[in-house]
Amino acid sequence: MAAIDVALRGLTDRALLELTRAGDRSAIEAWRTGYLGRSGALSLHMRSIGQLPSEERPAAGQAANAAKDTLEAAFAARQRELEEQALDQRLESEHIDVTLPGRPIHTGGLHPITHTLRRILEIFRDMGFQVAEGPEVELDWYNFQALNIPPEHPARDMWDTFYVKPPSILLRTHTSPMQARIMERTRPPVRVVVPGRCYRYEGQDASHEWMFYQVEGLAVDKGLTMADLKGVLVAFARRIFWPEIQTRFRCDYFPFVEPGVEMSVQCPLCRGEGCRVCKTTGWIELLGAGMVHPRVLRNVGYDPDVVNGFAFGMGAERIAMVKHGVDDIRSFYGNDLRFLQQFT
Ligand code: PHE
């Protein structure tokens, strides 16, 4: 074997061995410069071919070119190998166990009374009622006197009152004061529903809270009758409960309506069979209502000989209790998540 071939073989073997030892990117780059670079070992070898006798040059040149191909291929293979190793390492260190269950995301939800209020308002909105709101700290005038309940009148016993500044400023005991406030600033026709908090100075039990929500309704126009009142309230009951629900109207007394009624519905829980919630009567009283008293109309400057109206007031909690079978009103404001989360 010619000396030049021995030299090339030695160079190639050395290069391949060194390449297997080059363990990272900078090492193989240094290797490439050392062998394949412009003044690398293989380039020097090629230059030395020029000194050979001319008949030996072609074979030596071919051998050198073949060695160059070998080294370049070996370099590419080694480079790929190192990249794969690096990737494997990364996959190993960033390993994620996709079989682990995810962490639950806790989302909030609407309070059951908020749900109920929205549903009630939606139904009345569909019947053409507007929505209005008013103050919780109220004047005795609107809460009582404008509603035909003079000071010292025994009817005041129906509403146990928290006074902010006796005798004239109080926490409203119902949403009815908004009847007067709305009529004062509106010319008939009026069709409005008023949701809002009310307060009563009462002992608490399964069906009484000192704070609760009411939705008041008021319609004033020419020629309204009890039939309009019944039509609106029966349509409401059919939508908030179910279409075939039975309703019952009986006489009741409220100083600001004449005649006054209460509306009951067949107990939605036992469907009239009799259960704990309806106290085995099969009926649940839902709301008070009636034709607006002429004196109330006159108090706000309306002429009862020209227009008349009907009004109603319902407790939102009562409706939510009946709808969801809740038997204690205190559950709504006890802030027990086990209770509240059932509704989200
Ligand atoms: N405001 C009455 C109450 O709280 C309910 C009611 C409203 C009755 C409107 C008649 C008309 O008991």
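Order SER176, SER26, most accessible first, counting only protein heavy atoms with a 1.4 angstrom probe.
Working: SER176 5, SER26 80 Å².
Sorted by accessible area, descending: SER26, SER176.
Give me the 1.4 Å probe accessible area per residue for the chain, excluding ligands and nucleic acids, in Å². Walk me through the numbers before you get to the answer.
Details: 19550 Å² over 344 residues.
Result: 57 Å² of accessible area for each residue.
On the full set of protein chains, 1.4 Å probe, figure out the accessible area of VAL192 and give it in Å² to the nearest 10.
Around 10 Å² of this residue is reachable by solvent.
Starting from the residue with the highest accessible area, list TYR201, TYR253 in decreasing order, probe 1.4 Å.
Numbers: TYR201 150, TYR253 120 Å².
Of TYR201, TYR253, the descending order of accessible area is TYR201, TYR253.
Return, in residue-number order, each cysteine of the chain whose C-beta is not under 4.7 Å from any other cysteine's C-beta.
Lone cysteines by the Cβ rule: CYS198, CYS251.
Hey, how many Å between the Cα centroid of segment 291-313 and the Cα centroid of segment 64-139?
So the two Cα centres are separated by 59 Å.
Lysines within cross-link reach of LYS230: Cα-Cα under 27 Å, excluding same-chain residues under 8 positions apart?
Qualifying lysines at Cα under 27 Å: LYS222, LYS279, LYS323.
Would you work out the charge dipole size for the chain about its Cα centre, treating the Cβ of every Lys and Arg as +1 and the Cβ of every Asp and Glu as -1, and quote it to the nearest 20 debye? Let's see the in-between values first.
Numbers: 40 positive and 44 negative charges, 110 e Å.
Using only the charged Cβ atoms, the result is roughly 520 debye.
Mind ranking 48-56, 145-153 by how tightly packed they are, going by the mean number of other C-beta atoms within 10 angstrom, highest first? Let's see the in-between values first.
Working: 48-56: 10.8, 145-153: 15.8.
Descending packing order for the listed peptides: 145-153, 48-56.
Among THR281, THR114, THR175, what's the order by accessible area (1.4 angstrom probe), most exposed first? Display every interim value, and only then the final one.
On the way: THR281 85, THR114 50, THR175 0 Å².
My answer, sorted largest first, is THR281, THR114, THR175.
Using a 1.4 Å probe over the heavy atoms of the protein chains, calculate the carbon and sulfur portion of the accessible area of segment 2-93 as a whole percent.
Details: 3130 of 6080 Å².
Here it works out to 52 percent.
Counting only protein heavy atoms and using a 1.4 Å probe, what share of the accessible area of segment 112-343 belongs to carbon plus sulfur, as a whole percent? Please report the intermediate quantities before stating the final value.
Details: 5460 of 11250 Å².
About 49 percent, which is the carbon plus sulfur part of the accessible surface.
Which value, in Å² and to the nearest 10, is the accessible area of TRP141 when all protein chains are kept and the probe is 1.4 Å?
Using a 1.4 Å probe on the heavy atoms, I get roughly 100 Å².
The values are calculated or read from the model by the stated rules, or taken from the named source; none is laboratory data. On a predicted model such as this, the values are computed, not experimentally measured, just so you know. Note that each Cβ is placed from the backbone with ideal geometry, even for glycine, and that neighbours are counted across all protein chains shown. Keep in mind that these areas ignore ligands, DNA and RNA; they rest on the heavy atoms of the full protein, side chains included. Shrake-Rupley method; radii C 1.70, N 1.55, O 1.52, S 1.80 Å.
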